[in-house]
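The values are calculated or read from the model by the stated rules, or taken from the named source; none is laboratory data. What you see is a predicted model; the values in this text were computed from it and never measured. No Cβ is skipped: glycine too gets one built from the backbone with ideal geometry, and neighbour counts run over all protein chains shown. To get the accessible areas, we keep the full protein, side chains included, count just its heavy atoms, and leave off ligands, DNA and RNA. Shrake-Rupley method; radii C 1.70, N 1.55, O 1.52, S 1.80 Å.
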Amino acid sequence: MEHSIWEFFVGHRPGWLVDVAKFLAFVGDETVLLPVTLVVAIVMLVRGRRTVAGIAPFAAMLSTAVVVALSKSAIGRERPPLAQRLVDVSSASLPSGHAAYAAALATVAWMACAGRPRATTWRACAAAVAVAAGAARLVLGVHWASDVLAGWMIGCAVGSGVVTMLRRRLQRSEEHTSELQSRFGISYAVFC
């Protein structure tokens, strides 16, 4: 079945779809996403906005990159046949890093926008991008369907773990700050 799914995608890839897949491959690479999410986190911290939405994307990307690299190294699965690949890749196939990164960021967005206006719209966009990123890897012929599925699962697990951990950490920090303010009557801004 896995080979059939791969053959379907490889056999049905018009030029415009390949162009979209190549674009997603470029912007979805860790060499692009890690610096972008780091800049966002730094800007948020400099502005004094220590929030899950500001910090979690970089933390999730970094954690996912580590898990993906370790998994690829440990598993060492061969990629689909070279003749059908439309981009150069050199790492092992399982899991798909692009799918994992997209799923991690989508999960962070999903959890971070809970209860906010237009949350449904943001969640739908995040999920659509994650699905498109995984499908793009199949269109480009560089992954098997199970590689993409494993990437999505890793990304979702890491993303939700990072958000949960950061929420707890920020909540403890806020509780500690409130305790200092009530005990000593000073503002937390003095310490920042």
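For the stretch 20-49, what are the residues that are touching a residue at least 12 places away in the same chain (Cβ under 8 Å), exposed (fewer than 14 other Cβ atoms within 10 Å of the Cβ) and under 15 Å from the mean Cα position of the chain (by Cα)? Of everything in the stretch 20-49, just one residue is touching a residue at least 12 places away in the same chain (Cβ under 8 Å), exposed (fewer than 14 other Cβ atoms within 10 Å of the Cβ) and under 15 Å from the mean Cα position of the chain (by Cα), namely D29. Looking across the stretch 86-96 at every residue that is touching a helix residue (DSSP H, G or I) at 6+ places or on another chain (Cβ under 9 Å) and open to solvent by 50 Å² or more (accessible area, probe 1.4 Å), the one that is farthest from A21 (Cα to Cα) is identified as S91.
Results for (1) open to solvent by 30 Å² or more (accessible area, probe 1.4 Å); (2) outside any helix (DSSP H, G or I); (3) modelled with pLDDT under 95, shown as yes or no for each residue.
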position	(1), (2), (3)
R116	yes, yes, yes
L149	yes, no, no
G159	no, no, no
L166	no, no, yes
R169	yes, no, yes
R172	yes, no, yes
E175	yes, no, yes
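The lone criterion from (1) in a helix (DSSP H, G or I); (2) modelled with pLDDT of 90 or more; (3) surrounded by 16 or more Cβ atoms within 10 Å (Cβ to Cβ) left unmet by A53 is number (2).
Among E30, E78, which is out of contact with any Phe, Trp or Tyr (no Cβ under 7 Å at 6 or more places or on another chain) and acidic (D, E)?
The conditions single out E78.
The sole residue among A127, A99, A104, A60 that is of a type outside the set (K, R), surrounded by fewer than 21 Cβ atoms within 10 Å (Cβ to Cβ) and out of contact with any strand residue (DSSP E or B) (no Cβ under 9 Å at 6 or more places or on another chain) is A127. Among the candidates V139, V87, V67, the residue that is closer than 17 Å to S160 by Cα and out of contact with any strand residue (DSSP E or B) (no Cβ under 8 Å at 6 or more places or on another chain) is uniquely V67.
Restricting attention to the stretch 68-84, does a residue exist that is closer than 12 Å to V158 by Cβ, crowded, with 18+ Cβ neighbours inside 10 Å and aliphatic (A, V, I, L, M)? Yes: one or more hits.
Listed conditions (1) under 24 Å from L38 (Cα atoms); (2) among the aliphatic types (A, V, I, L, M); (3) not in a loop (DSSP other than H, G, I, E, B) are all met by A74, apart from (1).
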